[in-house]
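Only one structure is covered here, and it is reproduced in the block below.
The values are calculated or read from the model by the stated rules, or taken from the named source; none is laboratory data. The structure presented is a predicted model; accordingly, all values stated were derived computationally and were not measured. Every residue, glycine as well, gets a Cβ built from its backbone with ideal geometry; the counts of neighbours run over all protein chains shown.
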Amino acid sequence: MPLPGSLIEQITERLSAHTGQPVDIEESFPVGGGSINDAWRLETDAGRFFLKTNGADRFPSMFEAEADGLQRLRDAGSLHVPEVIAHGEDHDDSFLLLEWVEAGIKGPSFWADFGKGLAQLHRHTQERFGLERDNYIGSLVQGNTPASDWPSFFIHQRLEPQLKLARDRKRVEAGMAFRFERLFHQLDKLFPAEPPALLHGDLWSGNFLCDSNGRPVLIDPAVYYGHREMDLAMTRLFGGFDADLYSAYHSEWPLEQGWEERVDLCNLYPLLVHVNLFGGGYVAQVEAVLRRFV
């Protein structure tokens with residue numbers, strides 16, 4: 001399906017404003033971009049660019065939120081993040097226009113650089129957990145109303161909303177809610193107290209790239225300020241991350257003792273997200289984690 005002509009006109013205008021000279025889009029090619037959005041490689045006389053598109057009404061403000069998250073990560077300067085060129089809407093379509101990242105081969109220091117950069121990213125902090133705006137994780141709205149402590153934020157902005165959605169969709173039994181309530185009373189004792197850390201928020205192996213210079217590149221974030229163990233735990237949920245990442249992270253900023261025992265606790269959130277996105281097959285994993293802690 002070709003790009004709508006009116007959208008091409010707007011993208012051309014944005015690219016011309018970005019480069020400071022007239023830009024002509026010569027061709028557009030569909031590329032892999034996930035199951036939510038359509039993705040394109042744009043070939044222009046000013047180089048290649050990456051474009052995401054979707055219906056304007058399907059996920060309100062999704063690309064605005066993604067652009068905001070990418071810019072926050074990019075401003076941190078710890079890891080490479082594609083430059084945000086433009087985002088907006090045109091009639092029935094919304095779009096996000098980014099720098100094109102040319103894929104490359106991981107060098108011998110790739111994972112160590114990734115781990116060190118992730119630790120440096122997590123050093124960026126603010127007074128409260130959360131964010132001044134909501135965003136998305138996958139196709140689900142992610143609430144970020146700030147809280148002064150991590151357990152409160154984790155309960156009210158992460159676990160409770162996903163648990164309610166799962167119950168509304170009849171994907172979990174009512175008894176699971178009682179087990180979560182028991183867990184909630186223990187969270188302040190289970191998590192070590194740490195300052196809010198700037199997180200990628202959805203750090204699985206599909207959300208980073210290796211560029212042509214062999215550098216790790218972060219994409220598709222669900223940014224907020226949270227407990228830094230959340231990002232590390234997410235890397236362990238589906239695998240795909242080398243041990244050198246964790247070694248380098250610990251060398252840069254050691255995690256508190258027992259962090260590996262809390263991995264499953266942190267991953268209750270993405271597991272509930274997967275229950276709601278993909279169905280009840282993940283319920284057994286949630287139940288197994290609950291049995292460990294309550």
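Some observations on this one:
To keep it simple, each residue is scored yes or no on (1) part of a loop (DSSP other than H, G, I, E, B); (2) without any contact (Cβ under 8 Å) to a residue 24 or more places away in the chain; (3) surrounded by fewer than 18 Cβ atoms within 10 Å (Cβ to Cβ); (4) touching a Pro at 6+ places or on another chain (Cβ under 8 Å).
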residue	(1), (2), (3), (4)
GLU160	no, yes, yes, no
ALA166	no, no, no, no
LYS170	yes, yes, yes, no
PHE180	no, no, no, no
PRO195	yes, no, yes, no
LEU198	no, no, no, no
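- Residue match in region 212-230 (condition: part of a helix (DSSP H, G or I), closer than 25 Å to LEU131 by Cα and either assigned by TED's automatic domain parsing to the domain that holds VAL141 or over 14 Å from the mean Cα position of the chain (by Cα) (or both)): yes
- Scan of region 86-98 for residues that are in a strand (DSSP E or B) and surrounded by fewer than 20 Cβ atoms within 10 Å (Cβ to Cβ), ordered by number: ALA86, GLY88, GLU89, ASP90, ASP93
- So ASP242, is it crowded, with 17+ Cβ neighbours inside 10 Å and modelled with pLDDT of 95 or more: no
- A residue that is under 21 Å from PRO161 (Cα atoms) and in contact with a His (Cβ under 7 Å, 6 or more places away or on another chain) cannot be found anywhere in region 270-278.
- Test: residue in region 250-259 that is among the acidic types (Asp, Glu) and either loosely packed, with under 15 Cβ neighbours inside 10 Å or at positive phi (or both): yes
- Checking each residue in region 65-80 for being part of a loop (DSSP other than H, G, I, E, B) and out of contact with any Pro (no Cβ under 8 Å at 6 or more places or on another chain) picks out GLY77, SER78.
- Look at region 232-255: where a residue is touching a residue at least 12 places away in the same chain (Cβ under 8 Å) and a partner is acidic (Asp, Glu) and buried (at least 18 other Cβ atoms within 10 Å of the Cβ), sitting 6+ places away or on another chain with Cβ atoms under 8 Å, you get ALA233/ASP264; MET234/ASP202; ALA248/ASP113; LEU255/GLU229.
- If the condition is being of a type in the set (Val, Ile, Thr) and not in a loop (DSSP other than H, G, I, E, B), then region 246-294 contributes VAL263, VAL273, VAL275, VAL283, VAL286, VAL289.
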